[in-house]
Structures are given as structure tokens and as C-alpha cells.
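What follows draws every value from the coordinates through simple rules; no lab data is involved. Because the structure is predicted, anything quoted here is derived from the model rather than measured. Here Cβ is always computed from backbone atoms with ideal geometry, including for glycine, and neighbour counts include all displayed protein chains.
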Amino acid sequence: MNNEWTRVTREEMTGSEATRKSLTYWQDVWRRLRQNVMAMTGLIMIITISLLAIFGPMFSDFSYSDQVLAYANIPPRIEVTKITDDHYVYVHNEFRLIEVTADGELIGIPEEIEKNTINRYITYNIGGNEVKFDYSSAMASTGKKGSTATEEVSNKMIDKYEIYVNGSPIDKYNAKEVSNKTYFLGTDNLGRDVWTRVLYGARISLTVGLVASIVNVFIGVLYGGIAGYEGGKVDNIMMRIVDIINSVPLLLIVIMLMVVIEPGLKTIILTIGLVYWVGMARLVRGQVLSLKEQEFVLAARALGVSKGKIIVRHLIPNAIGPIVVSMMMAIPSAIFTESFLSFIGLGVSAPEASWGTLANDALGGIRSYPYQLVVPSIAIALTMFAFNFLGDGLRDALDPRLRK
Amino acid sequence: MKLNKKFMSTMALVLASSMALTACGSNDSSTPSTSAPSTSTPSSDASSNAEASTPVEDNVRRTSDGYKISDTQEFIFNLGADPLTIDPQLNSATDGSHVITNMFEGLIRESGGEVTPGMAKSWDISDDGLTYTFHLRDGIKWSDGQPVVAGDFEYAWKRAVDPATASKYAYIFGSANILNANDIVDGKTDFNELGVVALDDKTLQVTLEMPTEYFLRLTGFPTFMPVREDIVDPDGIWAKKPETAISNGPFMLQSYSMSDNMVLVKNPNYWNADNIELEKITMRMITEASTAYTAFNSNEVYLIDEIPTAEIGNLMATSHEFYIEPYIGTYFLIFDLEDNEVLQDVNVRKALNYAIDRTEITEHVTKGGEIPATSFVGPGFTDANGKDFYSVGNMEHDNYGIPKQADIAAAQAALAEAGYPNGEGFPTLEYMYNTNDGHKAVAEAIQQMWKENLGIDVTLTNQEWAVFQETRNNKTFTGLARHGWIGDYADPNTMLEMFISNSAQNNMGYSSEEFDEQLYLSRVTTGTERMDHLYKAQEILMNDLPLIPIYYYTNPLLVKDEVHQWEITSTGKYYFGNTVMIDLD
């Protein structure tokens, strides 16, 4: 008889034992989140944006409300034309000159000697030189009646003017594009620093976004969880309350709130707090309704786990996917709601600005000064990306079913 | 006229003075190179046509200055918001007036700045200047073919002052000094007592309380246009329904779709229909300036007057389709003088006035040089000697002490005198404006100027236009509110009378017996004497400063070259009766 069995040695027995040390749920979440590159990128971006929002304005030379009207609408990249050896100018899109240094720092508006709007020229005194800025060709180059063909040919600013220094023309094409050293991201329609305003706007927009997500989690998830798990009469009553809140338009709530408290960030936060959890509550209820019939809930109940603990420890973590996705979607939506409310005069009052109002204000000048719209839009887009990446990672990390 | 959202405006001073009000809108005279056909392409086309094929030339119709008249006579422009109403007596907004001016015709029609016969072919004025007898044209018809009779005018005018109609413009009959109009508006007399009577179908007699120089021109104003008793309804709904919108002007309503567009077509029954070239006018209702500008650039609309402020500076230098038309109106701020005790101190009002750099605002915020306002009555109003009321008044009184650039020292001194040295202890003021990018920019600029120059904090609040009007009319604002007033006729009275203590337009709670007296005296006097009272009234007003004048309006427009001979009346209304669409290539 063959003995197919061999005796296991002690070494062999201990060697196959799991060596992983015991981790709590949150430690495990953090471990898995750390491994997710995208999520960490998102997290770092959010932290960076938050830090910039908090400390950035302190390091800026300008406040969000400082205006220099003559410096309105100067882009981040400016074309510097050499006038004399040590004098340079920037030709503003509105056909006037601004004195700058060779590397793009704004010095000031040169002294105007004569402004002739009929013959279309302005003469300036720049460092003792008489500089004549002649834009009479600007009109001709866009084409007179019937000769619209030229319009296509030269639409560039630089083809539309001539500069004469002490009577002789200078080579206007000898201009180099440098970045604006005074206003890093340019100025808005009132000559305010766009960079400072975007940083300042981040405070308002992020606050609104965060409040929206926190309210979503705390009120929406718990409310939906309770309604779904309890079911029956409780569920019925709770969900009818949700229906009622949902059926009142947001705008109406804000307007009614305005009667009691004045417009401002407080009103917006309160409004969002009042209505933003509604969608989340419905979503969580739906999830819980299906989850609560599963065996692990039955097991938990059989072991005598309390209702609250079942909801918080068993049901919500299992519904975390949709919750996180919906939460992340609520943030940009709250940012846009804020901008809409500000636009109709129910939000932050000027000159305070949020990203939404910055984008809104820039819309009118989108053709000539697109950077004013691009900057806050990029800020909004980056924030949304960051929250989405982090949201994705969190969903994977929090979901107990994906736990290895 | 209350200025709707229209605000963004530009005008070079030079343009304002060179384009006299009378030269309204003839687009060719303002661009020199186009007024000489020999230099432009159409005429070279013409000569080649003439040599190559003479028969073709015969088929081509040309305008008097040589442009080829287009085969499709459809004109499209942007009206902006959907007008609340286009019932002549109920309308009180600029947009509605544009439509009414083209759909209806009053006793006279203003054309090229001159009073020309409209429905009336002639009129007699009694020696005392109190009785006007209008003789209507023969063969004038409504768009449904019924004759226009003098009774239609009598009905329309009485309807306007009838308290039951609740016309916002009822007061203008009082401004015109028509017999009993003021008493009717005040509710003291029955509206049937109005001094207008149709002697027969062709003769209309109007009796005035006092000789009124601007009365004749006023009969071309929308509120004075005739309506038909058998079709009107109290809410003005008839005027927006093509079946019932029966009009007597060059165009009639073909279709209306809410907040989208309104289509007018040529009225075949109009007495001068043979000389109306346009077959169709489509009025788009694009409320967003940026969208309208895009539509203009893609040839969807041929005329827009709401241009994004950011584009104006560049357009002024580069676009030959950009026009700046004069506009008799003022952009200003009003104080709440009834409840705000701080603002009741004239020194505070002076300080706020002096600390504003109006030149900076017109040059860098509104752009393109509207005229900084130093008085309430702006350019465009003539006095009895034919001189400009604005120039004479400002010259004599040294701009009424209002600096065009900020006078910081004077402002701080005035504030100190009021008991707030360096702005210490000054309460935060609320500045209210209606939601609009342009108003916002002006508000923010002024806010910063006050903060920098006086150390005063201002909070800005904006409200939607309809809500804002309500707030302003009910005087429920607590600090300052923006205001804009466009004259209804080219007489200083149209501006100044809103400051009379019991005027419905007096939203600031300003009440001065001296001012009221001067305006009363101006109503019972004529000529130079009357103007002296108006000058005096403005002086009193500028001493009391119940307002902060900012700038005088202009009307910036973009009009395609293909639109020929468009017109704007002296009160800023479009008239397209003489407009022709031309082919340029």
C-alpha cells in the first residue's frame, strides 16, 4: 500500500500563514486610495487650490477690488513695440498706447498731447519724444462699402496702425511678445488683476462647493438611509417631505429667504443646504431598499446589530459608488448655482466675485479678451477634474465589495 | 422715456457736435467716402453694365445716390427685449416705441429732424398760439381699408388720459399743455373734457392752456398716435395679434411670436405706400448683447444697438458700420431723500458728487467718450435763442461746480463739513442698479472712487429690471439708485419736470418750492422768459443736488452697409419708412 501522505513540518505550517497585519476599515481605505495615482493627483490638486485660495491673495500685490481704469483689458501676453532705445509701448486693443518696459512691466499711460478722433491719431509725449500713434488705416483695412475682400486679408491688430517718433515712422513689426509682468494673468474690464480675483473667487466657489457636498453627505445620505431602511409609513412620510421640498423652485426659496436675511454668501449656503440633499436622499433610499433584502443585512440583524449601525456600517458603505458620484456632481452644480444667483443679484455683491460671476462678466468681451473667460473657466474645470478623480478613487477605496 | 436696459453707449464729443440732431441717422452722410458713389464699387459695376449690356441696366433700380436697390427688400434688426405692449397709449418703453413709430403714424412725422406732414396735410395755429386746427389728408386709410378720421385721434388722446386706461404716459398731455390734461391726470376733471375735438372727419381741433412751442413735434410721439375704437381692448392685447393689430402707418403686423420675433410687412393702404421700399421688417428679440453681436457678424441681423461694452473701443476705431448717434438723455444716480437722514445733508451729496471722476468712467468704463455730465439737461435741447441749453447753462454757471474729473480736495472738505472727516463714522450706503453688465461696471467704478477718495463704503445690490423699477417707483431703496432719463421731446422741460414735488417720476422724494415755482412759471410764459425760468430751475436743482449726474447718453449702433437711409428721430426712435436695402456687389 502506497503511503501518498507525507508529514508536514512545523516550518512549512507557519510559512503559509497570512502575514498581513490587521487593518481597520479606514486604514484600508487610505491604503487603497494611496495606490490610486489619479485619486492622489486629484487630492493634491484640491489641497493646492484650497491653499492658494486661503493664502494666495495675501501674497498678491493687489486686492480683488483695486482698480486702475486706464489699465483695463490688458492681456497676460502683450506685444511690446520699441519706440526709442529705452522706451517701449504696448498698443492696446482699443487703439491707445501704454508705456511698458522691454520685459513687459507696465509703466503708465504716456502724456497725451493731442487726440484727434476725426483724423484718427493720438500724439503722446514719451520721454521727451513726440510719438504719433496713427490708426487712420484701421478703418480702411476692414473694408469700405463693396470691398469687403480686404477684411479677410488683414484682421490683425498690428496691420491697423502706424507709429511715428518725432515725425519718422518706426518699424512696428519689430515687436516682441512678452508676458505681462505687472498683471500675471491680465486685467479685467475695470483694470483689476485677474489672478487675484480668481484666487479670491476660489474662496467663495470652493466654500459653496464644499458646503454642498457636506450637506449632501450628512443630511442626504442619512435621511435617505433611514427612509429606505425603515420603509413603510416612515418611508412614506419622509419621502413626501422630500417631494414637497423638491417641488418648490430654488429661485423661490432664495427670494423668500432674502426677505429674512440679506443677500450674500450666507443666503446661498443656506439655500444650498436646504435643497441640495434632496436628490441624494432619493438615490440613497433606492439603493438601501434593494440592499436591505440581502443576506449580509439579515446576518447583521440576526446578530443583533442596531438599526443605526446597520445603516451606517453596512448599507451606506455598500451604496458608496453612486453616493460618491452624485456628491462629486453636486459640487460643480453648486458652483454654477452660485454664479447664477449672483448674476440675478441674489448672491455675492460686487466687487466680490466668484468663479461663476467672473466667467459671466467676461462673456461680453469673449471676442477681444478671451483670457478673462478662460482663466476662471480653467479654474472651474480643474476643480471639477480634481473632485472627480478623487471621487472615483474614493468610490473604489470605500466600497467593501472591492476589498481584497 | 425710461431707458430700458440700454446703457452701453459711446460718443466722441466731436461727433456729437458735428452730427447735429437734425442729421439723424442718414448713414451715408456720416461716412464721407461712401457718399461719393464714384469711389465705391457699385458705381464701377454700373459703368461696366452700361457698356456690356444696356438692357440689364434698365432693369436695375437705383437709389437717388446711385446704389443698386436689392431685389429682396427685407430688413432684419434686433429689437432687444420683447416689448411689454405695442399699444400706442399703453406703451412706455423704448422698444415698444420703435415698433409703434413704424406701424402707426401721428398727425406729423419727424423726418430728417424736421416736422413733416403725417396724417395731417396741414395745420393752422391761432394767433394766440392756443388753438391748433389740423386738416387730415384725403384718402388716408387703416390697414384694413377703413378711412382714418379725426375722431380716431380724439378717441386715442382721450383714451390716453382716461384714468381707466392707466397709461404711464398720460402726463405727457399735461406737458403738452392740452386743455384740462393736468386736471384729468390729477383726477379733478372727467377725461372727456380734454381739449381735443374732431370738428368733422377731416378736421381736428386742439386747444392748449398755454402756448407750447414743442406741442407740434409731440403729436408725432407714440402716445399721440391714433387707434381704432372698435378694435382696442383695455390690456393692449389687440396690438400684438395680427388679425386685430390694425394700424395706419407704413407697416403693419404680420406675425408675432413671443420673445422670438415680430414681423411687419408693408401696409398697402398707407397713403405713401408707393414710396415705401421695404417689403418686410423682421424684429428679432435677442436680449443678450454678445449673442446679438454674433448674429450681426453672421449677417442674421442688420442693425443692433446693444453692443458688448468690451468691443466698443475697438469697433470705434476699426468698423465703418459702427455709428454713434446722439441721444437726449442723462445717466444719473438718485438719492433716497425721504428716509435717509445722512443723504439729506447737502454737503454729503456734494461730497459724493465731487469724488466721482466722470471722465474716467466715460473713457474707460463706458468707452468711446460719452460726455461727462455736469448738469441734468444734456446737449440736444435748444433754448429760445436757438442756442444749446446745455452749453449756455454750463458756461454761465461754470459747470454748476461739478468737476468732470474728481475734485478730491473739495469732496473731502464737503464731507468734513457734513461731520464725517475722512469718511469716519459714515454709514455704509446701498447702491442699487438693475442687472446689466454695463450698470455693474459703472457701479463698481464709482464704488471704488468713493472708497479711495472719501473712505466711504458702498454695497452694491442689483435687481432684475421689472423689480428694480418697482423698487424705484415705490421709493423702497434706501441709499442710491441708478436712473436714466431720455427726453420725450427736445425741450428742457421733458428732463426737468421729473423733479417737480408731485411728479410721478420723482423717485427721490425731492421737494423744493423754489424749483416748483420756476417750472410753474415756465409753463405760463413763453420764449426767452420761459427759458430763463428753466435755466433758473436747473440752477436750483444743481444747488440742491438731489442727484448725481454721471454722463449724457449716446446711442451706439452697428448697421450693415446694405441698409440705406435708416433714420433715428430726435428722441431716439427708429423709423424705416425711407429705408432701402441695397446690393453692394
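In table form, for the structure just shown:
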read-out	value
Cα gyration tensor shape of the stretch B:74-220, rounded if a/c is under 1.5, else prolate or oblate by comparing a/b with b/c	oblate
Share, in percent, of DSSP beta bridges within chain B that are antiparallel, nearest 5	80
The stretch A:269-285 versus the stretch B:512-532: alpha-carbon centroid distance in Å	64
Rounded Å value of the spacing that divides the Cα centres of the stretch A:375-404 and the stretch B:557-573	55
Computed magnitude of the charge dipole of the stretch B:97-225 (debye, nearest 20; Cβ of K, R +1, Cβ of D, E -1)	420
Relative contact order of the stretch B:472-585, pairs being alpha-carbon contacts under 8 Å that are 6 or more residues apart, as %	18
Charge tally in the Cβ shell below 10 Å around A:SER368, where Lys, Arg are +1 and Asp, Glu are -1, A:SER368 excluded	-1
Nearest-ten-degree value, helix B:150-161 long axis tilted from longest Cα axis of chain B	20
In Hz, Karplus ³J(HN,Hα) per residue of the stretch B:536-552 (6.51, -1.76, 1.60; θ = phi - 60°; x = Gly, Pro)	4, 4, 5, 5, 4, 4, 6, 6, 7, 6, x, 8, 10, x, 10, 7, 8
Antiparallel bridge percentage (DSSP; both residues within the protein assembly as shown; nearest 5)	85
Degrees, to the nearest 10: A:37-55 long Cα axis against longest axis of chain A	50
Cβ-based exposure ranking for B:LEU333, B:LEU415, in which fewest neighbours within 10 Å come first	B:LEU333, B:LEU415
Ordering of B:424-433, B:78-87 by burial proxy (mean other Cβ atoms within 10 Å per residue, highest first)	B:78-87, B:424-433
Out-of-range pairs (alpha-carbon distance over 32 Å; input B:LYS121/B:LYS158; A:LYS160/B:LYS560; B:LYS188/B:LYS475; B:LYS168/B:LYS451)	B:LYS168/B:LYS451
Listed residues A:PRO400, B:THR85, B:THR207: farthest to the positive end of the dipole of the protein assembly as shown (Cβ charges)	A:PRO400
Whole-Å distance, taken between Cα centres, linking the stretch B:287-366 and the stretch B:81-155	32
Per-residue ³J(HN,Hα) for the stretch B:288-295, Karplus 6.51 cos²θ - 1.76 cosθ + 1.60, θ = phi - 60°, Hz, x for Gly and Pro	8, 4, 5, 5, 4, 5, 4, 4
Whole-Hz ³J(HN,Hα) from phi, Karplus 6.51 cos²θ - 1.76 cosθ + 1.60, for the stretch B:342-353, glycine and proline x	4, 6, 6, 7, 5, 5, 5, 5, 5, 4, 5, 5
Mean Cα-pair separation over length for the stretch B:415-548, i.e. relative contact order, pairs under 8 Å, 6 or more apart, %	18
With Cα atoms, 0 to 90° folded angle of helix B:94-103 axis to chain B main axis	20
Which of B:GLU360, B:GLU105 has the fewest Cβ neighbours within 10 Å, and the rest in rising order	B:GLU360, B:GLU105
Relative exposure of A:TRP26, B:TRP465, A:TRP5, judged by other C-beta atoms within 10 Å (fewest first)	A:TRP5, A:TRP26, B:TRP465
Global geometry of chain B, whether rounded, prolate or oblate, following the gyration tensor of its Cα atoms and the 1.5 cut on a/c	oblate
Three-way shape label, chain A, alpha-carbon gyration tensor, a/c 1.5	prolate
